[in-house]
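Structure incoming, see below.
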Amino acid sequence: MKNKPVVVCGQCNNESISFFSLGDGKPFVCPSCFLTTIHTRKLLQWLEKARKCGQGGYDPFNNGNGYCFSIELLKNELSEREHIPNKQEAKKIRQQKTKR
């Protein structure tokens, strides 16, 4: 089995064997820093798919590189973000705005 190269994250300077390119010549980043660049609704979709998958993680790229974002990692990132209202909450907020 080949050893994967260790790369230093361009944002947090931690070493990681898994890394992602943000493109446009930007430095490679570790998985947790990569998740900070993803839109919150997309993370919620990935979390839902990871739960349905039942394997404890989800590979959103389906490229066979073997890396899956764990449910725990997705939940940790989502816990640091602001709440996104669901359909009923959003409806209630819109109704309250029109009453003003």
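The values are calculated or read from the model by the stated rules, or taken from the named source; none is laboratory data. Quick caveat, the model's predicted, so the values are computed rather than measured. Because the Cβ atoms are built from the backbone with ideal geometry, glycine has one as well, and the counts that use them run over all protein chains shown.
When you go through Cys12, Cys33 one by one, which is the residue that is modelled with pLDDT of 65 or more, in a loop (DSSP other than H, G, I, E, B), under 26 Å from Glu82 (Cα atoms) and not assigned by TED's automatic domain parsing to the domain that holds Ile84?
Sole residue among the options that is modelled with pLDDT of 65 or more, in a loop (DSSP other than H, G, I, E, B), under 26 Å from Glu82 (Cα atoms) and not assigned by TED's automatic domain parsing to the domain that holds Ile84: Cys12.
Right, here's the next one. Taking segment 49-100 only, how many residues are small (Gly, Ala, Ser), surrounded by 10 or more Cβ atoms within 10 Å (Cβ to Cβ) and more than 17 Å from Cys30 (Cα to Cα)?
Residues flagged as small (Gly, Ala, Ser), surrounded by 10 or more Cβ atoms within 10 Å (Cβ to Cβ) and more than 17 Å from Cys30 (Cα to Cα) within segment 49-100 amount to 3.
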